[in-house]
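Visitor: Have a look at the structure that comes next, please.
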Amino acid sequence: MALTRAIVLSSEVFGEADRYIQFLTRDWGVISTLAKAARKSKRRYVGGLDIFCHSEINVRGDIPNRAYLVELTVLNSFTKLRDDLDKILIAGQLVQWVRKLADVATPIPQIYSLLGQTLALLEAQSDPARLSLLGLVFRLKLISHLGFHPRTEACARCNQEGELAIFDLGSGGLICTECKPTSDHWELYPEERQFITHAKDLRLTRFEEVQFSEKPTQRMLHLITQFTSFHTHAKLPV
Ligand SMILES: [Zn+2]
């Protein structure tokens, strides 16, 4: 048997009594496990099979392809998050981003920590206006961990520093005024450029200090979603 910590990404009914649970694990990346008799034996899995649940899991069989969930101990079921529809929607989007971009059975401990920390912050957040901002920071940090953060320090086409005001999806980031965009492109305000440049280095433990207003947050959510879809061909929720 093998033990790790994991967050439920999805839970599907399988046959009469079983469920397939997709976990983002701390040690093995994303894996699917069969939870035998999950629909009858609530006691064994003590409510830990619901999406977002964070648990210590005990697995048998071949990881990642033929693994069976033996038992689990719930660390956090994010009960308060589940009471708030906006929070559930945003948490669902974060999980979708992980499923579409990081569905690999190799260890990605930074992404496991990022998702766990973000869900905890989402649950604790008392200001509804800051929920989208948290979603934006999560997306920027996620793509940065996956190695395709947009280029923002110098022109993504000619490498010059100078004035970078246009975000060109095809070039992979900001471009200078001398270069021509290669695809759909966005003109960014200085505060938007600054935010995109620095968000990947933000510490989530200091999220409360992050200031960025609602309108640019929504604009940057659309931009980063388009950028990521452009480069990965994944269909991602904004
Ligand atoms: Zn240039």
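Every number in this text was worked out from the coordinates using simple rules, so none of it is lab data. In this text, all values refer to a predicted model and were calculated from it rather than measured experimentally. We place every Cβ from the backbone using ideal geometry, glycine too, and count neighbours over all the protein chains shown.
Visitor: Per-residue counts of other Cβ atoms within 10 Å, averaged by peptide: what ranking do you get for 64-75, 91-102, highest first?
Guide: Peptide ranking by packing, descending: 91-102, 64-75.
Visitor: So, one more: Counting only pairs 8 or more residues apart or on different chains, how many lysine pairs in segment 1-126 have their Cα atoms under 28 Å apart?
Guide: 6
Visitor: Here is a follow-up. Given contacts defined as C-alpha pairs under 8 Å and at least six residues apart, what's the relative contact order of segment 132-238, whole-number percent?
Guide: Reported relative contact order: 26 percent.
Visitor: If eta is 1.567 mPa s and T is 4 °C, what Stokes-Einstein diffusion coefficient results for segment 1-116, Kirkwood Rh from Cα pairs, in µm²/s?
Guide: 92 µm²/s
Visitor: Give me the distance between the Cα centres of segment 165-215 and segment 126-159, rounded to whole Å.
Guide: That distance is 8 Å.
Visitor: What nm distance separates the two modelled labels at ALA129 and ASP184, each placed 7 Å from Cα along Cα→Cβ?
Guide: The two pseudo-label positions are separated by 2.9 nm.
Visitor: Also: When the gyration tensor of segment 132-238 is built from Cα positions, what are the square roots of 5 times its three eigenvalues, in whole Å, from largest to smallest?
Guide: On the way: eigenvalues 92, 49, 32 Å².
Computed over segment 132-238, the values are 22, 16, 13 Å.
Visitor: Starting from the amide H of GLY61, placed 1.01 Å from N in the peptide plane, find each other amide H under 5 Å away whose residue is 5 or more places distant or on another chain.
Guide: Amide H neighbours of GLY61, under 5 Å, 5+ apart: TYR68.
Visitor: Moving on to the next point. Would you list the P(r) distribution for the chain, with all Cα-Cα distances sorted into 5 Å bins from 0 and each bin expressed as a whole %?
Guide: 1, 6, 14, 16, 17, 14, 11, 8, 6, 4, 2, 1, 0, 0
Visitor: Here is a further query. With label points built 7 Å along Cα→Cβ from the Cα atoms of ALA154 and ALA37, find their separation and express it in nm.
Guide: 6.3 nm
Visitor: What length, rounded to one decimal in nm, is gained on full extension from VAL13 through to LYS100, with 0.36 nm per residue of separation minus their alpha-carbon distance?
Guide: Values: separation 87, 0.36 × 87 = 31.32 nm, distance 2.05 nm.
Gain on stretching VAL13 to LYS100: 29.3 nm.
Visitor: Name the GluC sites (Glu not before Pro) in segment 88-168 that are in a loop by DSSP and that have at most 10 other C-beta atoms within 10 Å, would you?
Guide: GLU161
Visitor: Order these peptides, 1-14, 201-214, by their mean beta-carbon neighbour count within 10 angstrom, highest first.
Guide: The peptides rank, most packed first, as 1-14, 201-214.
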